[in-house]
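Have a look at the structure below before the remarks.
Values quoted throughout were computed directly from the atomic coordinates according to the rules given, and no laboratory measurement underlies them. Bear in mind the structure is a predicted one, so any value in this text is a computation, not a measurement. Note: ideal-geometry Cβ built from the backbone for every residue, glycine included; neighbour counts use all protein chains shown.
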Amino acid sequence: MSLKEELAARKAEFMGKAPPEIREAMMRADQELHASGIVGRAIKIGDQTPDFRLPDVHGKEVHLADLLKNGPVVVSFYRGGWCPYCNLELRALQRALPAIKELGATLVAISPQSPDESLSTAEKNALAFSVLSDAGSLTAKAFGIAFDLADELRPIYTRLGHALPDINGVNDWVLPLPATFVIAQNGTVALAFVDVDYRTRLEPAEIIATLRNLSGQVPALEIG
């Protein structure tokens, strides 16, 4: 089953169980986020990637510039381990990791979660790539994908056990859009996937294809 099929099945399950008022609130938030134009402000193919230094689950600092010395870098932003769609994506990325490494690339995943929460996410999904903590979403902001969760959704998230200030350790409700970037070794964006719908994610096959493109095959595509 493809990641797209897994995500669709999870969405159908949720929509079948969620009360109408929650479904409607989430739909309104999606529409408002789309109308904000945030996707158009995100970094794009050909842009220079903002550098970052972020801690991994053990507190070790990971520096993008250092990773790029070894080859291309795949950066995947996710909302948090509390998000079932994120966990499906992270597991799909783990399955693609051998092919990513074979093509000389490094994979990292970034969320606003604290390192402790990120460690739980990495262990739960048996991830063998670096999971980084973006406190205050500063890196997500630099990439142009950070947004404030709609006021209407905050009590709903809290009731579901997803109060972001508690999970992320900062007093805000900022999240990144689901986004994946393939960064060429010269620091430019070779692929940019950004979507306001958190239930939509990039198929790992697109990452693999872009990494192959970097070796001089066909042009990369911008998705989302």
Exercise. Over the chain, what relative contact order in percent results from Cα pairs under 8 Å that are six or more residues apart?
Worked result: 27 percent
Seminar exercise, completed: If each part is reduced to its alpha-carbon centroid, region 85-113 and region 157-195 end up apart, in Å, by 14 Å
Problem set entry | At R0 = 35 Å, FRET efficiency that the Cβ-Cβ distance of K17 and K141 yields, to 0.05 | 0.55
Problem set entry | Beta bridge orientation in the chain: antiparallel %, DSSP, nearest 5 | 65 percent
Problem set entry | Fluctuation leader among P176, P50, P72 - the chain, Gaussian network, Cα springs under 10 angstrom | P50
Exercise. In the chain, which whole DSSP H runs stretch at least 24 Å along their own axis (Cα) and average -0.5 or higher on the Kyte-Doolittle scale?
Worked result: 84-102
Problem set entry | Inverse mean reciprocal Cα-Cα distance (Kirkwood Rh) of the chain, Å | 17.7 Å
Exercise. How long are the semi-axes of the ellipsoid equivalent to region 17-72, from square roots of 5 times the Cα gyration tensor eigenvalues, in whole Å, largest first?
Worked result: 36, 19, 9
Problem set entry | Gyration tensor (Cα) of region 21-116, equivalent ellipsoid semi-axes in angstrom | 28, 18, 15
Exercise. Counting trypsin sites (Lys or Arg not before Pro) as exposed when in a DSSP loop with at most 11 other beta carbons within 10 Å, what is the longest stretch of the chain free of them?
Worked result: 70-224
Exercise. Once you put a point 7 Å from the Cα of T188 and another 7 Å from the Cα of D166, both along the Cβ direction, what distance in nm separates them?
Worked result: 4.7 nm
Seminar exercise, completed: Relative contact order as a percentage, region 120-181, C-alpha pairs under 8 Å and 6+ apart, gives 37 percent
Problem set entry | region 1-100: relative contact order in percent, alpha carbon pairs under 8 Å with at least 6 residues between | 27 percent
Exercise. So, counting K/R as plus one and D/E as minus one, what does the shell of residues with Cβ under 12 Å around E13 add up to?
Worked result: +3
